[in-house]
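All remarks here apply to the structure that follows.
The values are calculated or read from the model by the stated rules, or taken from the named source; none is laboratory data. Since we're looking at a predicted model, the values are computed, not measured. Glycine gets a Cβ as well: all are built from the backbone with ideal geometry, and neighbour counts include every protein chain shown.
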Protein chains: 2
Amino acid sequence: MVARRRSEMMEETRARLIHAARKAFAEKGYAAASMDDLTAEAGLTRGALYHHFGDKRGLLLAVVNQIDAEMATRARAIGSLADNDWEGLLAEGVAYIEMALEPEVQRIVLLDGPAFLGDPSNWTSQNSCLQATWQKVEALTAQGIIKHVDAEAAARLLNGAALNAALWIAASDDQQDVLVKAIEAFRCLAGGLMEVPASLPASPSRRS
Amino acid sequence: MVARRRSEMMEETRARLIHAARKAFAEKGYAAASMDDLTAEAGLTRGALYHHFGDKRGLLLAVVNQIDAEMATRARAIGSLADNDWEGLLAEGVAYIEMALEPEVQRIVLLDGPAFLGDPSNWTSQNSCLQATWQKVEALTAQGIIKHVDAEAAARLLNGAALNAALWIAASDDQQDVLVKAIEAFRCLAGGLMEVPASLPASPSRRS
DNA sequence: TCTATTGACATACGCGGCGTATGTATGTGA
DNA sequence: TCACATACATACGCCGCGTATGTCAATAGA
């Protein structure tokens, strides 16, 4: 028997509970997931769960934060591979769309999260995914590459568009085909943020 | 006592249940709303509810469809007031953002709907709001005003952006201020769909 | 080293909510 | 008017969450 510290044990207990919760929430949805089943799957009981997370929502919050952090890390990594910040922003958006196709992400973060925890902006104090996009938008604004719109607004709408694209793709029959269309439309929309020569107005056919 | 047909009574019963459900779902959320309380509010019991709607999800579906239809009607009306189809599309989008600020719409259609009924595209067979945007996009494509992207994709991403904007606004402190920013960003994004002279590439600084 | 106290869990209980099975009354067709 | 269907109401059981309580191991102090 390897001697282990108490804190290590606790950490593992928390990890096992979150792991089981991710699985259960993704498969059955938050509402239909039973905490008895969930904890049993992790070799524990509800006692441990309430001790560590307070209530069912607390567990969902912990799960969402974990997944959100993973997503942000992956998105930043993908975005940093791009040739420039603009392509980086697009790449991040596309990465969100693709990540959102995973049942864990979709079911837990995109559907149950907002429904049971409220608006994502209130999760934990910040949403890592949003922050990543937000920062990229600010950088591009400073570089004069995109228009001077509110950075947070742009980031939120971009993420919203990506999210909806993912829900659409996931529910479709030919996911590959739809994915291509969604990405094209996304790049198109994002292009609206780009700065254009002053001679070209953003809106056509303005009356009188 | 006014003599009334059976079908009229039933129709009123359904309407009263849906009305009570809209109120309860909007205030407490779908999960926390009790069907006993809800039906009592309507002067009925759960018996009537299960008779007409099958189960709790069936009631939610009926409520969502009703609100969705109302939203689409309002959006089309607003869109048709615009000077041209392009401004109509933008006006519809802005209208969605503003409508989504209403607790009924936000809580029921945007949060609980997707969580408990699945992707909106599977509701009833079509989502009226999406259809309205879709049609406008197709019309604009035919007129050569916007690029040849997939119309459904564009419509879905636009609606998704509007939806997310609404969630943001609703959770913010200064709703008026945020609403202005969101609308500006929305118009900006939507502008990305517009056709531009071929001499200007959609993407800047392409390498090699 | 022995003890006291804290903390990490397990166990036990009650409440409320959903779904279903059953009952009842009113309206409709022959 | 009689048989039947329909629109509800009532009654019951099961399940799931939250909390109160119990137990055991680990650390702290003397």
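Restricting attention to the range B:1-12, does a residue exist that is buried (at least 16 other Cβ atoms within 10 Å of the Cβ) and either in the same structural domain as B:GLY144 (by TED's automatic domain parsing) or assigned to a helix (DSSP H, G or I) (or both)? Explain how you work it out, then say what you get.
Here is the first cut: in the range B:1-12, the residues buried (at least 16 other Cβ atoms within 10 Å of the Cβ) are none.
No - not one qualifying residue is present in the range B:1-12.
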Of the conditions (1) within 16 Å of DNA strand D (Cβ to nearest atom); (2) in contact with a Ser or Thr (Cβ under 8 Å, 6 or more places away or on another chain), the single one that A:TYR30 does not satisfy is (2)
Being surrounded by 14 or more Cβ atoms within 10 Å (Cβ to Cβ), at pLDDT 95 or above and within 28 Å of B:VAL94 (Cβ to Cβ): is that true of B:ARG76 here?
no
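Of the residues B:GLN66, B:GLN126, which is assigned to a helix (DSSP H, G or I) and either within 13 Å of chain A (Cβ to nearest Cβ) or modelled with pLDDT under 95 (or both)?
Working: B:GLN126 fails: assigned to a helix (DSSP H, G or I).
Going through B:GLN66, B:GLN126 in turn, just one is assigned to a helix (DSSP H, G or I) and either within 13 Å of chain A (Cβ to nearest Cβ) or modelled with pLDDT under 95 (or both): B:GLN66.
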Per the filter on the range A:27-46, residues assigned to a helix (DSSP H, G or I) and either under 16 Å from A:GLU11 (Cα atoms) or acidic (Asp, Glu) (or both) are A:GLU27, A:ASP36, A:ASP37, A:THR39, A:GLU41
Among residues of the range A:158-208 being buried (at least 20 other Cβ atoms within 10 Å of the Cβ) and of a type in the set (Val, Ile, Thr), the residue modelled with the highest pLDDT is A:VAL178
**OP:** Could you check, for the range A:40-61, whether at least one of its residues is surrounded by 14 or more Cβ atoms within 10 Å (Cβ to Cβ), touching a Pro at 6+ places or on another chain (Cβ under 7 Å) and closer than 24 Å to A:ALA132 by Cα?
**Re:** no
How many residues of the range B:169-197 are of a type in the set (Asp, Glu) and either within 9 Å of chain A (Cβ to nearest Cβ) or in contact (Cβ under 8 Å) with a residue 60 or more places away in the chain (or both)? The answer is 2
Expected single match for in a helix (DSSP H, G or I), more than 16 Å from DNA strand D (Cβ to nearest atom) and either within 23 Å of the chain's Cα centre (by Cα) or in the same structural domain as B:LEU157 (by TED's automatic domain parsing) (or both) among B:ARG16, B:ARG107 is B:ARG107
